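Here the structure is laid out as structure tokens; the discussion comes afterwards.
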Amino acid sequence: MAKRASKKRSASRTRQSSKKLSDLFYETLKDIYFAENKIIKTLPKLAKAAHSKELAAAFNKHLRETQGQVKRLDRVFRMIGKPARGKTCEAINGIADEGAEIMKEFKNAPALDAGLLAAAQAVEHYEISRYGTLRTWAEELGLAEIAELLQATLEEEEATDQTLTELATSVINLEAEEEEQQREAA
Ligand SMILES: [Fe+2]
Ligand SMILES: [Fe+2]
């Protein structure tokens with residue numbers, strides 16, 4: 001008897017927790033949907049501000065990828081039968097504000113690109129964290145096709161992060177040259 005009762009309890013606990021997870025999944029999708037749309041507005045500003053042509057090209061390439069990621073999210077919303085909606089994400093707003101501050105304070109300064117890179121990597125790390133979580137939750141919810149879509153975006157974010165890491169070296173070299181030129185001119 002006791003055994004049956006515990007089985008019943010665990011069954012209801014499973015039902016309850018899976019419902020909560022699907023709600024959390026939807027809420028987090030709205031969070032990243034807001035973040036991606038914010039990033040679409042931010043990347044052109046970063047590309048315009050960058051001194052290094054390579055860095056500007058990397059920002060523009062990721063802008064196109066990000067537009068595709070929003071379309072992928074639209075598909076995910078359709079697949080779960082919920083409206084595609086964003087929910088204000090203060091984390092991404094904060095990271096974007098920091099980037100804007102760097103652009104203002106380091107305008108025309110040699111260290112500008114290093115600052116832009118740092119801001120962009122903070123964005124990528126936020127996205128990697130969110131997409132990793134969402135992909136795992138999709139798997140737990142038995143949404144295999146959605147998990148694959150989220151994994152595809154996760155891989156793009158990771159590749160972008162990697163590109164930015166590689167660019168950091170050339171950007172820092174460029175900045176050292178600029179600093180030297182400024183010293184010579186002074
Ligand atoms: Fe993204
Ligand atoms: Fe990204």
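Observations on the model:
- Candidate set: the stretch 30-80, residues that are at pLDDT below 95 and part of a loop (DSSP other than H, G, I, E, B); chosen: the one surrounded by the most Cβ atoms within 10 Å (Cβ to Cβ): Ala50
- Pair list, Cβ < 7 Å and 6+ apart or interchain, from the stretch 51-66 residues that are among the acidic types (Asp, Glu) to residues that are assigned to a helix (DSSP H, G or I) and more than 16 Å from ligand 1 (Cβ to nearest atom): Glu54/Leu167; Glu54/Ser170
- The stretch 106-133, residues that are assigned to a loop (DSSP other than H, G, I, E, B) and either among the charged types (D, E, K, R) or surrounded by fewer than 18 Cβ atoms within 10 Å (Cβ to Cβ) (or both): Phe106, Lys107, Asn108, Ala109, Ala111
- Test set (1) within 13 Å of ligand 2 (Cβ to nearest atom); (2) in contact with a helix residue (DSSP H, G or I) (Cβ under 9 Å, 6 or more places away or on another chain) - Arg64 fails condition number: (2)
Residues are listed down the side, and each one gets a yes or a no for (1) within 14 Å of the chain's Cα centre (by Cα); (2) polar (S, T, N, Q):
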site	(1), (2)
Tyr131	yes, no
Arg135	yes, no
Glu145	no, no
Ser170	no, yes
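- Residues of the stretch 61-75 that are within 13 Å of ligand 1 (Cβ to nearest atom) and out of contact with any Asp or Glu (no Cβ under 7 Å at 6 or more places or on another chain): Lys61, His62, Leu63, Arg64, Gln67, Gly68, Lys71, Arg72.
- Within the stretch 81-104, the residues that satisfy the criterion of being within 16 Å of ligand 1 (Cβ to nearest atom), part of a helix (DSSP H, G or I) and either modelled with pLDDT under 95 or of a type in the set (Gly, Ala, Ser) (or both) are Ala91, Ala96, Gly99.
- In the set Glu140, Glu155, only one residue is away from ligand 1 (no atom under 16 Å from the Cβ) and either free of Cβ contacts under 8 Å to residues at least 24 places away in the same chain or over 29 Å from Gly115 (Cα atoms) (or both); that residue is Glu140.
The values are calculated or read from the model by the stated rules, or taken from the named source; none is laboratory data. These numbers come from a predicted model, not from an experiment. In this analysis, Cβ positions are derived from the backbone assuming ideal geometry, glycine residues included, and neighbour counts consider all displayed protein chains.
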